[in-house]
Amino acid sequence: MNKRIATLGVELTRSVIMKMRMTAWIMILFLAVSRSFAANPPDEGMWLPILIERLNYVDMQKMGLHLTVEELYSINHSSLKDAIVGLSGGPASNGFFCTAEVVSDKGLIFTNHHCGFNAIDNHSSPEHDYLKNGFWAMSEKEELSNDNLNATFLVRMENVTDSIIPFLSDTLKETDRTAKVKDISNRLKKRASEKDKYEVAIKAFYAGNEYYLFVFKTYKDVRLVGAPPSSIGKFGGDTDNWMWPRHTGDFSIFRIYADSAGNPAEYSQKNIPLRPQYHFPISLKGVKKNDFAMVWGYPGSTSRYLTSYGLEYDLTVFYPTLVKIFGKELEVMKDRMDADKKVQLAYASNYANIANTWKNFIGQEKMLVRNKVEDKKKEIENSFADWYNRDPELRKKYGPVLHNIQSGYEKMNKIAIPFFYSNFAGSGLNIVSFANQFGQLKSSLEKKSKGGIEESVNALKETTKTHFKDDDLMVSKKTFAELLKLYYKNVPKDQLPSIFQVIEKDYKNNIDAFTDAVYTKSAFATAENTNKFLEKPTLKVFKKDLGWQCAQSFQESMGKYSGTFAEARASISAGNRLFIAGLRQMNPGKVFYPDANSSMRMSYGSVQDYFPADAIHYDYFTTLKGVMDKEDSTNEEFIVEKKLKDLFQSKNYGPYGEDGKMVVCFLTTNDITGGNSGSPVINGNGQLIGLAFDGNWEAMSGDISYEQKLQRTICVDIRYVLFIIDKFAGDTNLIKELTLVQ
Ligand code: ARG
C-alpha cells in the first residue's frame, strides 16, 4: 500500500484520482483508505512534545506505548523530557550538535562516540591516545572537564505565534519582516528568561508561519567519563558510515556537574554531580521486530517542503560544489594524518566531521535521483496548482508562489558557485582566515595610533600562539594550493577574484609556484613570520604581502556576491512560507509536522527490517559475530581488539546476551536526522533500549522526502553498550549507578 500518497493528503489524493478518471465508488473507497491513513499517520514526522496529546497519543498507544501523556511531557512534575539533553558548544539558541540522555541519579549521560569525539580527541595525545585506546574514569575524580561543552535541558515550550504573526503585515519586505520578528522575539525572550535565569530561544516553524518559544537550563561543567576505543566506538569507520548492516558501539559517557544547590555553574572542583529531575531506566530485554520504539532529541534540520526548484539547485549546484571542496580537503588531510600521529590527532575531529558530511552529500545526490524525489515534488506542485486554479481568490494569493521561488533559485544559480568558493576561501584557507584577523592592526597603523597598535599587537601575539598550535604547515599549504586549483577550474573566469590576475601575470598561472611564494614570504604563513612582523609592524607589509592580498581579494569577491545571494535566499524563504501555508490550506484534514530546526522532537515507530533493493533483505539487528566477520587487521577501520575477540569466543556476555548471541545494533522506522545522534531509543514502557546514531544509505534522500519503505534509524543496542562498559572495560561502578530492568 502506498502510504506516501496518504502523506500528501486527502485533497491531493482526490486530484490524482480525478486525473485517473476513476469511477465514483473507487473514489469513495480510496478516500476512505486515505482518511484512515490520515488518522493513523505512518512513522514519518518529528513531532513537538507539547502537541503529542492532540496529534499522536492515540496512535502511539495503539502501537504499544504504555506511558501517559504527563509521563512524557509535563511542566508540573518530572517527566521523560527532563532526561533529554541537548549538547552544544555555544548558546542553546544556536542549536545542538547532538543529543544525550540522563541515565543515573548522579547526572550521568549517554551519547554517541561520534558526539563525544571532539572532547575525546582534545584530551588525547600520542602518549595518551584515548581515541585509539578508549578512556575510562574509574572514579569521579578521574573524570575530565571540557571547554565549551554544554548540556541543556528544556524547561518548557510555548506557541507564541499569536504574539508575533499578527504584527507582521503581508506587505513587509522580507528583511523588515525578519527585523520585526527579531524585535518582538527579543522582548518575549527577555520576559521568559526570568532575569537571565534561563536561556530562551524563539524558533520559526513551517518556514515562519508559526513561532515557538523554548526555555532552557544549561549546564557548563560536563565531564568525560568513558569512551570505548575507536575500534569499537567507530568500528567500520567511514566505510560503514551511513550504512547498514552496522556493527558500531557508537557511545560515550559524560557527567553533568552543578553547584551545591543544583544550579548551573562554570567548572569548579567544588561542583557536584547533578541530581537530575528524571533519568531513564534501562531495559535488558532487547527488541523484537514490530516493537514500539520512540526517539526523543534535537534533530537539526530537514527540508521536507522543499520545492522541485530547490531540489534541482541542490543537485546541480550545492551538493556537487561542496562534495568537490570537501573531497579535496579530506584528501590533503588524510595524507598527512597517515604519516604523522600528532597531525592525526590534531585533525581527527575536523576530518571526521567533514568526512561525515561529504559522504552524506554524495549519498543525497545519489538517492534523491534513485528515489525519484523530483517526481514526488512535481506531483505536489502540480496538484497545488490544480487546487488554486479552481478559485480566483486562491489563484490571486498562491498563483505567483512557485514562479517566485523558481526565479529566486535562478538568481542564486548565477552566483552561488563563486559565492561558495569565496566563502570557503575566507574561512577554510588557514592563511586567509588568519590574515583576516589583522584588520584592526592595519587601521591602527593608518591612524598612527600608538596605543591602538600596541593593543592590537598584544592581542595578535596571543592569537598567533593558538593559531599555529594545532596547525600543520604542510596541510595548510597543500590545502591552499589544491583549493585554488579547484577554484580556478570551477568558477567561471569572469567571476574569479582579482588575485587570479596576479597569479596569471606574475606566476604564469602556476598555482604551486604562487603557493610557494605565499608560504615563504607572507607574514601570515608561519608562526616565525608572524612573530617577526609583530615585532615591527608596518603598513608596507600590508601593501605587499601576498597572504594579505589573497584575504582582501576573497573578501571583495564575497562582498560582491553575498548581497545577491542573501536577496535570493530571502525571496525563496518568503516563497516557501507562502507555499507551505498554501499546502496546509489545501489539506485542512491533514496534520503537517514541521521541519526539524534543532528544537526538541519526538518520533515514534517500530523496530523493522527492510528490503534495500530487489531480492535483498536486511534483517533488523546485527551481532558480535558480524564484528568478527568484518575484522581486517590491515585496515584501521576494521581492527578488532584481542579482548573483544576473547569475550566473543568465551561468550562471556553476562546478562546482556540473548540466546548465546550479543546483539550490537538494530533498526527502527523512527524519523530522525543529524542532531538526533545520541538520542535515546525508548520502548513502550519508557525504558532505554538503544542510542540512535545513524541513518541508512538507501534513504539518504530522507531529509528532503521521507522514504516510508526504506528509511531506518540505526541504533546501538543498549545491551551492547552495557556489555562494553562491564565486560570489556570492567567499569562495574558505572553499571551499579544505572537503573537496570529485566
Ligand atoms: N553518520 C552519522 C551521523 O551523522 C555519524 C557517524 C559517525 N561515524 C563515523 N564512522 N563517521 O549521524
* **residue 468 being within 21 Å of residue 324 (Cα to Cα), open to solvent by 20 Å² or more (accessible area, probe 1.4 Å) and either touching a helix residue (DSSP H, G or I) at 6+ places or on another chain (Cβ under 9 Å) or among the hydroxyl-bearing types (Ser, Thr, Tyr) (or both)** => no
* **Pairs where the first residue, in segment 612-636, is part of a strand (DSSP E or B) and the second is surrounded by 11 or more Cβ atoms within 10 Å (Cβ to Cβ) and among the charged types (D, E, K, R), C-beta under 8 Å, 6+ apart** => 612/698; 613/698; 617/609; 618/609; 621/717; 622/246; 623/661
* Taking interchain pairs and intrachain pairs at least six residues apart, which have beta carbon atoms under 8 angstrom, with the first residue in segment 103-124 and over 19 Å from residue 300 (Cα atoms) and hydroxyl-bearing (Ser, Thr, Tyr) and the second within 15 Å of the ligand (Cβ to nearest atom) and open to solvent by 20 Å² or more (accessible area, probe 1.4 Å)? -> 124/132
* To do: State whether one or more residues within segment 453-464 are among the polar types (S, T, N, Q), open to solvent by 40 Å² or more (accessible area, probe 1.4 Å), assigned to a helix (DSSP H, G or I) and farther than 30 Å from residue 335 by Cα.
  => yes
* To do: Examine segment 190-200 for a residue that is aliphatic (A, V, I, L, M), crowded, with 18+ Cβ neighbours inside 10 Å, at pLDDT 95 or above and more than 16 Å from the ligand (Cβ to nearest atom), and state whether such a residue exists.
  => yes
* To do: Can you run down the residue pairs with Cβ atoms below 7 Å, 6 or more apart or on separate chains, where the first is in segment 338-359 and farther than 14 Å from residue 636 by Cβ and the partner is within 16 Å of the ligand (Cβ to nearest atom) and not in a helix (DSSP H, G or I)?
  => 356/241; 359/241; 359/242
* Answer yes or no as to whether residue 709 is over 18 Å from residue 45 (Cβ atoms) and basic (Lys, Arg). => no
* Structure fact -> Residue hits (segment 318-335; more than 21 Å from the chain's Cα centre (by Cα) and crowded, with 18+ Cβ neighbours inside 10 Å) are 332, 333
* Asked: Is it true that some residue in segment 670-686 is touching a strand residue (DSSP E or B) at 6+ places or on another chain (Cβ under 7 Å), charged (D, E, K, R) and more than 15 Å from the ligand (Cβ to nearest atom)?
  -> no
* To do: Within segment 570-607, work out how many residues are in a loop (DSSP other than H, G, I, E, B) and over 24 Å from the mean Cα position of the chain (by Cα).
  => 5
* Name the one entry in 363, 286, 310 that is away from the ligand (no atom under 16 Å from the Cβ) and under 28 Å from residue 489 (Cα atoms). => 310
* Check residue 304 against each of (1) touching a helix residue (DSSP H, G or I) at 6+ places or on another chain (Cβ under 9 Å); (2) touching a residue at least 24 places away in the same chain (Cβ under 8 Å); (3) open to solvent by 30 Å² or more (accessible area, probe 1.4 Å) and name the one condition it does not meet. => (3)
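Table: residues versus (1) out of contact with any Cys (no Cβ under 7 Å at 6 or more places or on another chain); (2) open to solvent by less than 50 Å² (accessible area, probe 1.4 Å); (3) within 16 Å of the ligand (Cβ to nearest atom); (4) of a type in the set (Gly, Ala, Ser).
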residue: 341; (1), (2), (3), (4): yes, no, no, no
residue: 355; (1), (2), (3), (4): yes, yes, yes, yes
residue: 367; (1), (2), (3), (4): yes, yes, yes, no
residue: 382; (1), (2), (3), (4): yes, no, no, no
residue: 385; (1), (2), (3), (4): yes, yes, no, yes
residue: 391; (1), (2), (3), (4): yes, no, no, no
residue: 395; (1), (2), (3), (4): yes, no, no, no
residue: 404; (1), (2), (3), (4): yes, no, no, no
* Asked: If you check 662, 700, which single one turns out to be within 16 Å of the ligand (Cβ to nearest atom) and in contact (Cβ under 8 Å) with a residue 12 or more places away in the chain?
  -> 700
* Residues in segment 648-655: is at least one hydrophobic (A, V, I, L, M, F, W, C) and within 30 Å of residue 705 (Cβ to Cβ)? -> no
* Report the residue count in segment 207-233 for those that are closer than 28 Å to residue 711 by Cβ and either within 16 Å of the ligand (Cβ to nearest atom) or surrounded by fewer than 24 Cβ atoms within 10 Å (Cβ to Cβ) (or both). => 9
* Structure fact -> Quick count over segment 234-279, residues being within 21 Å of residue 137 (Cα to Cα), open to solvent by less than 20 Å² (accessible area, probe 1.4 Å) and within 14 Å of the ligand (Cβ to nearest atom), is 4
* From 217, 182, grab the single residue that is in a strand (DSSP E or B) and at pLDDT 95 or above. => 217
* Filtering segment 151-176 down to residues that are of a type in the set (D, E, K, R) and in contact (Cβ under 8 Å) with a residue 40 or more places away in the chain, which residue is least open to solvent (accessible area, probe 1.4 Å)? -> 174
* Asked: Picking from 710, 722, which residue would you name as being among the aliphatic types (A, V, I, L, M) and part of a loop (DSSP other than H, G, I, E, B)?
  -> 710
* Do we find a residue being closer than 30 Å to residue 407 by Cα, in a helix (DSSP H, G or I) and modelled with pLDDT of 95 or more anywhere in segment 332-340? -> no
* Within segment 497-546, track down each residue that is of a type in the set (Ser, Thr, Tyr) and assigned to a helix (DSSP H, G or I). => 507, 515, 519, 520, 530
* Structure fact -> Checked 591, 663 against criteria (crowded, with 19+ Cβ neighbours inside 10 Å and on the phi < 0 side of the Ramachandran plot); the one match is 663
* To do: Kindly indicate whether residue 705 is closer than 30 Å to residue 314 by Cα, in contact with a helix residue (DSSP H, G or I) (Cβ under 6 Å, 6 or more places away or on another chain) and either open to solvent by less than 10 Å² (accessible area, probe 1.4 Å) or more than 14 Å from the ligand (Cβ to nearest atom) (or both).
  => yes
* Asked: Of all residues in segment 435-451 being open to solvent by less than 90 Å² (accessible area, probe 1.4 Å) and touching a residue at least 12 places away in the same chain (Cβ under 8 Å), which is nearest to residue 542 (Cα to Cα)?
  -> 442
* Asked: In segment 475-483, is there at least one residue being within 30 Å of residue 320 (Cα to Cα) and outside any helix (DSSP H, G or I)?
  -> no
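The values are calculated or read from the model by the stated rules, or taken from the named source; none is laboratory data. All values reported here derive from a predicted model rather than from experimental measurement. Quick reminder, even Gly has a Cβ in these numbers, built from the backbone with ideal geometry, and neighbours come from all protein chains shown. All accessible areas refer to the heavy atoms of the entire protein, side chains included, with ligands and DNA or RNA removed. Shrake-Rupley method; radii C 1.70, N 1.55, O 1.52, S 1.80 Å.
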